[in-house]
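Before any comments, here is the structure.
The values are calculated or read from the model by the stated rules, or taken from the named source; none is laboratory data. Keep in mind that this is a model prediction, so the values were computed, not measured. Heads up, the Cβs are rebuilt from the backbone with ideal geometry, glycines too, and the neighbour counts pull from every protein chain shown.
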Amino acid sequence: MSASFGLLVVFLVGLTLVAVPLGRFIALVLDGALPAPVRKVESLLFRLAGVDVAESMPWPRYAASVLVFNLLGLLVVYVLQRLQGALPLNPAQLPGVGPEVAFNTAVSFASNTNWQAYAGETTMSHLTQMVALTTQNFVSAATGIAVLTALVRGLRAEKSPGLGSFWVDLSRSTLFVLLPLSVVLALVLASQGVVQTFAANVKVATLEGAEQTLAVGPVASQVAIKQLGTNGGGFYNVNSAHPFENPTPVTNLLELLAILLIPAALCFSFGHLVRDRRQGWALYATMVALFVPLAGLTLWAEHQPTAALSMTGVDVSGGNMEGKEVRFGVGASALWAVATTAASNGSVNAMHDSFTPLGGLGPMWLMQLGEVVFGGVGSGLYGLLVYAVLAVFIAGLMVGRTPEYLGKKVGAFEMKMASLAVLFPSAAALLGTAVACVLPEGVAAVGNGGAHGFSEMLYAFSSGANNNGSAFGGLTVNGPFYAIAIGLVMLVGRYWVIVPVLALAGSFAARRRVPPSSGTLPTHGPMFVVLLAFVVALVGALTFVPALALGPVVEHLTR
Amino acid sequence: MASISSRALFEPAIVKQALVDSVRKLSPARMVKNPVMFVVELGSAFTTLLFVHALVTGAGDAPWPFTLAVAVWLWFTVLFANFAEAMAEGRGKAQAQSLRAARKDVMAKRLAEPRHGAAVEQVSSSTLRKDDVVLVEAGDIIPSDGEIVEGVASVDESAITGESAPVIRESGGDRSAVTGGTRVLSDWLVVRIRVEAGQTFLDRMIGMVEGAKRQKTPNEIALDILLAGLSLVFLLATVTLRPFSAYAVTASGSGAVVTLTVLVALLVCLIPTTIGGLLSAIGIAGMDRLIQANVLATSGRAVEAAGDVDVLLLDKTGTITHGNRQAWALLPAPGSTELELASVARLASLADETPEGKSIVTLADSKKAATPDASGAQFVTFTAQTRMSGVDLGSRRIRKGASDAIERWVTEAGGQISPETRRAVEDVARQGATPLLVAENARIIGVVQLKDVVKAGIRERFVELRRLGIKTVMVTGDNPLTAAAIAAEAGVDDFLAEATPEAKLALIRKYQAEGHLVAMTGDGTNDAPALAQADVAVAMNSGTQAAREAGNMVDLDSNPTKLLEVVRIGKQLLMTRGALTTFSIANDVSKYFAIIPAAFVGTYPSLAALDVMRLHSPTTAVLSAVIFNALIIVGLIPIALRGLTARPAPAPELLRRNLLVYGLGGLLLPFPFIKLIDVTLAAMGVS
């Protein structure tokens, strides 16, 4: 077990060391501080696309641009799936995807969720994977960075309504952050044995002499962005447990770092962008403070033998190895599970359904916290900033001032938007689960009975509503009910947060900045970190404790 | 009004009225303004219906005694919250009583023309319109607020200010405003009425004190939204429990679906009823405390803004210094001694009734100066032309006055000023003090240093303010040299010298443009623009009507130092609100531990492990949580009414302390209390 905790420490130290310089780089990119030749190419591209680089959109226009762009992306993914049978790059001759699953998948990839109601290698053609899905992997992550950038501009502005140009933010995030990082990671992964080819299948003779068909394809390129963009949608159905996606412990560690890399780096970018690096460190520290205990819980729980296995007389000293890859072992699997749910990534290298009840509770609760512990690319940080607004509101009053964050007063409108942004994903998760509990279609899809069945439903809706995309397993989700219900929940969880966040940004932008004094609540010290972590945990706990009590908690207690 | 500050928290008469009012406030039309408590009222009504249903059918949602108990305690929760509000209002109303006594209808002498001696018509004060002109004579009560057109009179304003000493009011200048309800003691005044009937200062004051026309402040609205948002989250968490529970019952094959009664109980326990119930009481009580400090705010918004103020513009005179220069040191000229100077200066000031003159006598006495016989003395009074005063005693002609005036006088008499004395004069001026030359016949005896004396303890107040992050700026008409010296002595952060009303206004605008919130005090008509511009503007009650209308607070004591108190009260109001919100939310954790195991132990017996308080039974567990939730509102009424003790400390320190007390305290405190209530219920035979 100590080796697993050692891995956690090494992982976090390594993450911090890489994230700090990357954060600075991203801040420069978002501020448009690019080398002259790059600027020239960029301005040519913008001219071709008819984008006015100098435009500063007020929040309704920024929000409209985000929504229109995402809607178009969603439509493209839907149409490509439906028509893939008649389109090229389909060596396996896969037919068009059914309407419910196509809708679910379109929403899923546009919203950076990557919930997969399908098995990739047997459902999606290479064209769909590359043009529809991988494109969304990039632009959905870039959308998150853009919305975050708009919020930062709102906080930085001095009584001017502009939040910058969505098109510029989107392009810069994609071209100068996501694309180069993905190219590097894809090449490294390919060097480690991750598959990258246009061929459909490889036929091999097994040791027994039987013939086996192995699905292959452009895997490395998709895996790189799936991890970096907190997407998580794998090329294969078993995702990162598949040896062609994640062959070795080295690729496992690299992909693990890639999962949290950009969400972590954006904290430091934030510090640079608001001209106070301590603010970025405080937000990063809050994320780590919430991450470590839950990672510890899952690591500890997975090192405990399961009751069922202990009774068989098998050696269980290694902990709970059910549903885990031998090449990763308990530690790397459990750490992956918390990392992928802390970030709204959702890729899996082990079966979460087979985790011990407490081991599964960690990942589930990390999602229910609203995906703000690292969270999605961009979305995790803007989500945490919404919580920061709530935290300063309550705590700010306690120091005898009307609350402010980074010099911006928090008034009624800000409170309304922050409340909505927190409320919608939770509402979607709870109501979705409740509907599934009463509908026969909902209950029928459950793989296990009892409290575990409830956990499966709760996990699915929590994953969708918080745009994680991680699957617990056990639940059959390609039926019409779950495809549509989770599709809707994903829409709510993504866009009904983005719009309030942009409204918040717009409202902040129009306000005057109040200079700090010794009467101002500092938002960079350890005190604030504790407070913010406490608010996130408390809101998450108060919302989901009853539900969790009927799921993983009961399971744990009745072992 | 002095008696008000000593009023007991729970005065029987107020409590009695508040009990009645808390029932009256159950009207849904009133409750709907408070979203959290409205939800509780709906829950109370709903459980009452469930009870009736269970009683009639014999088999309802839950056993009827249990439903009844929950319903009763939910109603109590609403009533307790209403009681808190009614208590706060009641305390205000009691204060309004004494004011109302002053607002009785009086007969006014309306003048046909705005001059003394015009035809008089007797009318009721309630029929007076704006711009009517009335005559008020000795013994009359001034019928309404107005501006003096003609006359000088002494006025007893004790009905408003509580101050029994009469004040002089006269036309023109900064003391021309009179307030309805005050009484003219001597002479007469011709007053132009400035407000319509029913809108006088007194009327507005009564309205504010009673909290009748209270509007929610911006911060209250924002907090209300947060509380409503939280309530919605909890509504979802409880509503969805019904299908979750139904699924669990089917899956486990044991137990019963959670009852609606328990769900309503859980909902009410979770939504922030503590702060929701006390929120308006906190606001009213904040206003109340301001009035106890004899400050009247025109809106709650102003009180809130006072907590945010980070720049204080303070008039030098009256706030920082005593406002009159006093003799501070005696600097003898070459050839004379301090004792001689003291003796001569004393003689020159014997007939000088100004504070400066008196202070010279006091200083000379402290030097044990010999007292010459002053009989037969001819006193020379000060005039603006000569700019000196003094005394002729036989052949001794003694003068004191401005240095240039005395110098001229001595030169005319054939004397001259020595270079040493001239240097002494310049030194004194450089220190920001005023040099006064004393001469006898043609000889200059020495220099008396007159100094603006900084009030005792004011320096410490500024240090305190700095710790709170508040910048102090001294405003004075003095020259920059004098201003700098006093500013350094008083320890203010900055000063504005040779201040004109325009410069003052520009300074406020400058700070506001930098994002600061500015507070100031003022009394003169020429202060009005600056008062109107400042975020918190405290007008002196002794000031002009224009100043009083431009400000958003009026200090009845006309004490400029009061601004510091106003800031403290504003901060206290916000802190109380924040602390009780934190407390309320932190409380929820314990209630989960009480209710969740109780609600689901039938379905999943293993959930009993969550019952960390080891409560007697599911019934007592739910009831204990509900009862605690109701009683804590009553328990916190004193804090809501009195406010948190706002010790001045920097923000991080305040946050740490309040988080520890109200955050951690709120988390832990309910556990023992819920257990205690549970034990009591079990002892009473509830099972």
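Of all strands (runs of 3 or more DSSP E) completely enclosed by the range B:503-586, which ones contain at least 2 residues that are within 14 Å of another protein chain (Cβ to nearest Cβ)?
Result: B:518-522.
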So, first residue within 9 Å of chain B (Cβ to nearest Cβ) in the range A:530-559, second residue of a type in the set (D, E, K, R), Cβ within less than 6 Å, six or more apart or across chains; the pairs are A:Leu542/B:Asp588
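For every residue, the table says whether it meets (1) over 48 Å from the mean Cα position of the chain (by Cα); (2) exposed (fewer than 15 other Cβ atoms within 10 Å of the Cβ).
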site: B:Leu339; (1), (2): yes, no
site: B:Ala351; (1), (2): no, no
site: B:Thr354; (1), (2): no, yes
site: B:Gly357; (1), (2): no, no
site: B:Leu363; (1), (2): no, no
site: B:Gln378; (1), (2): yes, yes
site: B:Thr381; (1), (2): no, yes
site: B:Ser389; (1), (2): no, no
site: B:Asp392; (1), (2): yes, yes
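Do any strands (runs of 3 or more DSSP E) entirely within the range B:275-338 hold 1 or more residues that are more than 14 Å from every other protein chain (Cβ to nearest Cβ), over 30 Å from B:Gly446 (Cβ atoms) and of a type in the set (A, V, I, L, M), and if so, which?
Values: elements: B:295-297, B:311-315, B:321-332.
Correct list: B:295-297, B:311-315.
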Does A:Val497 satisfy the condition of being under 22 Å from the mean Cα position of the chain (by Cα), in the same structural domain as A:Trp365 (by TED's automatic domain parsing) and modelled with pLDDT of 95 or more? yes
Cβ-Cβ below 7 Å, separation at least six or inter-chain, first residue in the range B:464-493 and under 15 Å from B:Val453 (Cβ atoms) and of a type in the set (A, V, I, L, M), second part of a strand (DSSP E or B) and at pLDDT below 90: which pairs? B:Met474/B:Leu314; B:Ile486/B:Thr321; B:Ile486/B:Asp452; B:Ile486/B:Val454; B:Ala490/B:Val454
Any chance the range B:448-460 includes a residue that's assigned to a strand (DSSP E or B), in contact (Cβ under 8 Å) with a residue 40 or more places away in the chain and within 14 Å of chain A (Cβ to nearest Cβ)? no
I'd like to check something: does the range B:568-575 contain any residue that is of a type in the set (A, V, I, L, M) and modelled with pLDDT under 80? no
Of residues in the range A:397-406 being more than 7 Å from every other protein chain (Cβ to nearest Cβ) and of a type outside the set (Phe, Trp, Tyr), the one surrounded by the most Cβ atoms within 10 Å (Cβ to Cβ): A:Pro403
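Conditions (1) under 26 Å from B:Val257 (Cα atoms); (2) of a type in the set (Val, Ile, Thr), marked per residue:
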residue	(1), (2)
A:Leu358	yes, no
A:Val372	no, yes
A:Leu385	no, no
A:Ala388	no, no
A:Ile394	no, yes
A:Met398	no, no
A:Val435	yes, yes
Are any of the residues in the range A:496-505 in contact with a helix residue (DSSP H, G or I) (Cβ under 6 Å, 6 or more places away or on another chain), surrounded by 21 or more Cβ atoms within 10 Å (Cβ to Cβ), of a type in the set (A, V, I, L, M) and at the interface with chain B (Cβ under 9 Å from one of its Cβ atoms)? no
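Here's the yes/no breakdown for (1) surrounded by 24 or more Cβ atoms within 10 Å (Cβ to Cβ); (2) modelled with pLDDT of 95 or more:
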{"position": "A:Leu87", "(1), (2)": "no, no"}
{"position": "A:Leu94", "(1), (2)": "no, no"}
{"position": "A:Asn112", "(1), (2)": "yes, no"}
{"position": "A:Met130", "(1), (2)": "no, no"}
{"position": "A:Gln136", "(1), (2)": "yes, no"}
{"position": "A:Val152", "(1), (2)": "yes, yes"}
Just to be sure I understand the filter: pairs with C-beta atoms under 9 Å, separated by 6 or more residues or on different chains, first member in the range B:237-256 and more than 8 Å from chain A (Cβ to nearest Cβ) and under 16 Å from A:Thr558 (Cβ atoms), second member in a helix (DSSP H, G or I) and aliphatic (A, V, I, L, M). Which pairs pass? B:Gly255/B:Ala248; B:Gly255/B:Val249
If B:Tyr592 satisfies every condition in (1) assigned to a helix (DSSP H, G or I); (2) within 11 Å of chain A (Cβ to nearest Cβ); (3) within 25 Å of the chain's Cα centre (by Cα); (4) not hydrophobic (A, V, I, L, M, F, W, C) but one, which is the exception? (3)
Could you count how many residues in the range A:394-414 are small (Gly, Ala, Ser) and either outside the structural domain of A:Gly519 (by TED's automatic domain parsing) or in contact with a Gly (Cβ under 8 Å, 6 or more places away or on another chain) (or both)? 4
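Condition check ((1) within 13 Å of another protein chain (Cβ to nearest Cβ); (2) not in a loop (DSSP other than H, G, I, E, B)) across all residues:
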position	(1), (2)
A:Val377	no, no
A:Tyr382	no, yes
A:Leu390	yes, yes
A:Thr476	no, no
Is there a residue being within 23 Å of B:Val70 (Cα to Cα) and either of a type in the set (S, T, N, Q) or at the interface with chain A (Cβ under 9 Å from one of its Cβ atoms) (or both) anywhere in the range B:190-205? no
Check on B:Ala348, of a type in the set (Gly, Ala, Ser) and assigned to a helix (DSSP H, G or I): yes
Which of the residues that make up the range B:449-486 are within 25 Å of the chain's Cα centre (by Cα) and farther than 28 Å from B:Lys571 by Cα? none
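Pick from B:Asp678, B:Asp611: which is closer than 26 Å to B:Asp61 by Cα, among the acidic types (Asp, Glu), in contact (Cβ under 8 Å) with a residue 12 or more places away in the chain and in contact with a Leu (Cβ under 7 Å, 6 or more places away or on another chain)?
Result of the check over B:Asp678, B:Asp611: B:Asp678.
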